[in-house]
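In what follows, a structure is listed as structure tokens, so that the remarks can point back to it.
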């Protein structure tokens with residue numbers, strides 16, 4: 001199992017006064033400490049008053065507010081690419097319908113060139129109707145955002161691999177255009193389809209190189225992995241070609257807190273037990289927000305990364 005680090009581009013570390021640069025600093029710390037990857041997350045704007053419930057927990061609570069800074073993920077990936085040398089640089093997950101696929105493909109290809117082929121695209125359909133509306137996306141595209149995502153990803157693959165590029169789909173079309181630069185990683189950056197449920201699993205098999213689970217647990221993930229492999233075999237794909245990832249939190253504390261959004265919490269032995277259970281369920285790569293319970297400053301986060309590097313990484317490497 002590989003462990004990656006979320007660099008907190010939501011909210012960031014305002015006490016540093018460094019804005020997005022603090023997220024780059026955290027990525028550097030993660031690389032130096034031996035983590036496998038660093039990850040950004042995606043929103044463009046958040047409403048003051050939200051009408052849409054968050055779909056990935058039972059309460060509908062979303063732990064971010066409109067006052068917080070949200071550093072744009074694709075720009076930040078390019079910045080991280082310039083200062084790191086080894087870690088993969090992922091987004092978990094990019095809301096594909098928010099941006100024209102040619103723009104997204106161009107920005108990711110540029111970041112992939114800057115990183116010498118280390119970009120990973122976690123791709124999702126989105127959930128926040130309020131944000132779709134603020135971005136001027138037609139209501140019918142919100143309602144059919146799964147189909148839009150499939151169409152846009154197909155178009156992006158064409159833009160990354162053909163020259164000149166042509167594509168005709170229900171939501172985007174282009175003909176005989178130059179789309180270079182192409183990504184360094186051939187044929188294109190890995191696409192890990194994020195989400196929950198059968199539709200996300202089917203999209204992963206149809207279009208992806210991996211599946212990125214959200215708000216799962218070992219028991220649920222085991223069922224998702226079984227279903228993913230079944231769908232892959234039906235489609236004539238080897239299940240081994242699909243990476244299984246998960247977005248979660250690793251929260252150090254004296255005892256397991258069961259914090260919402262962080263199923264891996266408590267003492268080091270408890271966290272290792274949780275990671276072992278995920279590994280047994282089929283998890284190969286986790287993108288984790290690493291922290292000490294109740295402490296969210298930059299200094300405390302670096303301390304948590306150092307603790308995880310010392311107490312977690314050597315054990316997980318043997319899973």
Kirkwood hydrodynamic radius, the chain, all distinct C-alpha pairs: what's the number in Å? 19.9
By Cβ neighbour count within 10 Å, fewest first, 175, 144 rank 175, 144
Report the gain in length on full extension from residue 116 to residue 233: 0.36 nm times residue separation, minus Cα-Cα distance, nm rounded to one decimal. 38.9 nm
So for the pair residue 315, residue 154, with labels modelled 7 Å out along Cα→Cβ, what separation do we get in nm? 4.6
Fraction of beta bridges assigned by DSSP in the chain that are antiparallel (%, nearest 5): 10
Stretchable slack from residue 199 to residue 33, in nm (0.36 nm times residue separation minus alpha-carbon distance): 56.1 nm
Give the calculated FRET efficiency between residue 52 and residue 140 to the nearest 0.05, with a Förster radius of 22 Å applied to their Cβ-Cβ distance. 0.85
Rounded FRET efficiency, nearest 0.05, which uses the C-beta distance separating residue 66 from residue 100 and R0 of 25 Å: 0.50
Theoretical FRET efficiency, 1/(1+(r/R0)^6), r = Cβ-Cβ of residue 254 and residue 15, R0 41 Å, to 0.05: 0.95
What percent of all Cα-Cα pairs in segment 153-235 falls into each 10 Å bin, going from 0 up to the bin containing the maximum distance? 16, 38, 28, 15, 2
Could you list 303, 280 in order of exposure, starting from the residue whose Cβ has the fewest other Cβ atoms within 10 Å? 280, 303
Cα extents of segment 48-125 along the three principal axes, largest first, in whole Å? 41, 25, 22
What Rg and what Dmax come out for segment 2-76 when only alpha-carbon atoms are used, in angstroms? 13.9, 41
Just 73, 218, 97 to compare: in a GNM of the chain, with alpha carbon springs under 10 Å, which one fluctuates most? 218
Do you know the relative contact order of segment 1-137, to the nearest whole percent, from alpha carbon pairs under 8 angstrom that are 6+ apart? 28
Per-residue Cβ neighbour rank within 10 angstrom, fewest leading, 107, 77: 107, 77
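Computed from the coordinates by the stated procedures, all read-outs in this text should not be read as laboratory data. Source: prediction; values computed, not measured. Quick reminder, even Gly has a Cβ in these numbers, built from the backbone with ideal geometry, and neighbours come from all protein chains shown.
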